[in-house]
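Below is one structure; the comments refer to it alone.
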Amino acid sequence: MEEVKVIDVKIFPYRYLKPETTEKILNDLLELKGIVRVMINGESLPKIIGFGPAKGVNVNHSDRKVIKVKKKDIKLFISVGSIIITVELEKVNLFLKKLDNILLKRLNFKYEISAGIFTKNNTTVSDYLKYGVGFEEKIDYRMIGLVDPNARSKETVKLILGD
Amino acid sequence: MDYKAQYSPGETKIAENRRKHMDPTFEFKKLRNIPDKDIVNVLGHRNPGENYKTVHPPLDEMDSEEDMMKDLVEPIQGAKEGVRIRYIQFADSMYNAPAQPYDRARTYMWRFRGVDTGTLSGRQVIEMRELDLERISKLLLETEFFDPAKSGLRGATVHGHSLRLDEDGLMFDALQRYLYDKKTNKISYVKDQVGRPLDEPVNVGEPMDEEYLKEITTIYRSDNVSMREDKEAIEVVGSIHEARTNGGFGLEVFKNDLKYKLGE
């Protein structure tokens, strides 16, 4: 396995982002150099009501929609709460500066940017508890800790080619 | 002896707001008008105009055995008529919502009769006879006890009180029961409290100003008024904590009792 030197950058806005804002930020962001992968995190939005007297009724949440990032459709299943970007270590300083400018322009509320390790780089006991022994064979090793191995990767992973 | 109720300890504005909520003689400022029909719709227990479902015949027509308590306590209207019990449930955002679960529980107990209230970390349910429930819901929804943006009427899927707000300042709601209209600056409910779509949206008015909310909230927050600033409240909480901890160890009472029973 070839080793790459990367670092995670986490954007933590003080408000949940609307799909329109997420779209703008992601499009601006992907223009920057050195990005390896991007993960968006947040509070899950159900398609149908799962329990209670209204079980089975459609939710039709206006935030659960398709956004266009670099001309690719991305289905949002969540209210976006944080964005984690894996960046090449040598380009991270310039990246952080440019990222700050993007967020200043796009957000009218406070946010935090921090650099560190925010994604998993090893399989842990809780992964085995969650997904069962031997789950690594079902999933691309690069996705461990990023996505649910039982989910269809067509829905959770999008490949966007860089320059 | 004549006692004067103190309601809640504390010397800050937060404590003062809590006392205002609990004091039955204090009148809430009315901020909005919601028609009765709309309240019935949002509650989702019956259709407007429909009769109340009953679980027993009116009390006057019932033969019940002699009971002193029944003479002593006057039943509320819903109980008199035998109306069934229904609920209303609220979730309050930690971002300075006017009320919060414990405050709600104490307020309900001080102000209303015939209630059964349940306190959870993120939501507060009040159960009572449907007829009286609707009357009380009106008070709870129309006054400054309720902020359309930071409080939510949620019967099920309540998650959101501890999450960040969205860009418009609304508390997160996975079922999106209410929508914010930027043009009119008004919030309206498009679903009832459990998430069933309504035929017509119910307008609940403008969201409150965040600075104003800081003045009327009953939540201690380090970015508003921290609980540590309130010496009296801390003292009361501290003494309760100490009493409970010592009490939990039995204050040597149980030990002696046990020894006695074992014949030592």
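Here are the numbers for the structure shown:
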item	result
Accessible area buried between chains B and A, both sides summed, probe 1.4 Å, in Å² to nearest 100	2000 Å²
Cα-based equivalent ellipsoid of region A:31-131: semi-axis lengths in Å, sorted from largest, via gyration tensor	30, 21, 13
Shape call, region B:67-117: gyration tensor on alpha carbons, a/c limit 1.5	prolate
Per-residue average of Cβ from other chains inside 10 Å of B:164-171	5
Surface accessible to a 1.4 Å probe, per residue, for the residues of chain A, Å²	64 Å²
q = 0.09, 0.12 Å⁻¹, the protein assembly as shown: log10 I(q)/I(0) [Debye, one scatterer per Cα]	-0.77, -1.12
Average beta carbon contacts from partner chains per residue of A:49-59, 10 Å cutoff	6
Solution diffusion estimate, µm²/s, Stokes-Einstein, chain B, Kirkwood Rh from C-alpha pairs, 37 °C, viscosity 0.692 mPa s	157 µm²/s
Kirkwood Rh, angstrom, region B:10-68 [1 / mean 1/r, Cα pairs]	16.5 Å
Carbon plus sulfur fraction of accessible area for the protein assembly as shown, probe 1.4 Å, in percent	52 percent
Number of partner chain Cβ atoms within 10 Å, mean per residue of A:75-82	2
Neighbour cut-off at most 14 other Cβ (10 Å), DSSP loop, chymotrypsin sites (Phe, Trp or Tyr not before Pro), region B:221-260	B:Phe249
Charge dipole (debye, nearest 20) of region A:6-119; +1 at Cβ of Lys and Arg, -1 at Cβ of Asp and Glu	360 debye
Whole-number Å³ per residue for the convex hull built on Cα positions in region B:143-249	149 Å³
Across A:Lys33/A:Lys158; A:Lys98/A:Lys138; A:Lys10/A:Lys71, pairs whose alpha-carbon gap is larger than 27 Å	A:Lys98/A:Lys138
For the protein assembly as shown, calculated [θ]222 nm from helices alone, where every DSSP H run of n ≥ 4 adds -39500 (n - 2.57)	-8500 deg cm²/dmol
Computed magnitude of the charge dipole of region B:172-243 (debye, nearest 20; Cβ of K, R +1, Cβ of D, E -1)	380 debye
Cα-centred dipole magnitude for region B:88-188, charges only on beta-carbon of K, R (+1) and D, E (-1), debye, nearest 20	100 debye
For region B:254-262, Karplus couplings with θ = phi - 60° (6.51, -1.76, 1.60), whole Hz, Gly/Pro x	5, 4, 5, 4, 5, 4, 5, 5, 7
Candidates per trypsin sites (Lys or Arg not before Pro) in region B:149-253, loop by DSSP, up to 11 other Cβ within 10 Å	B:Lys182, B:Lys183
Per DSSP, loop GluC sites (Glu not before Pro) in region B:59-88 with at most 12 further Cβ within 10 Å	B:Glu65, B:Glu66
Reach of B:Lys182 by Cα under 16 Å, taken over lysines that are not fewer than 8 positions away in the same chain	A:Lys18
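The values are calculated or read from the model by the stated rules, or taken from the named source; none is laboratory data. All values reported here derive from a predicted model rather than from experimental measurement. Note that each Cβ is placed from the backbone with ideal geometry, even for glycine, and that neighbours are counted across all protein chains shown. Note: accessible area is taken over every heavy atom of the protein model, side chains too, but ligands, DNA and RNA are not part of it. Shrake-Rupley method; radii C 1.70, N 1.55, O 1.52, S 1.80 Å.
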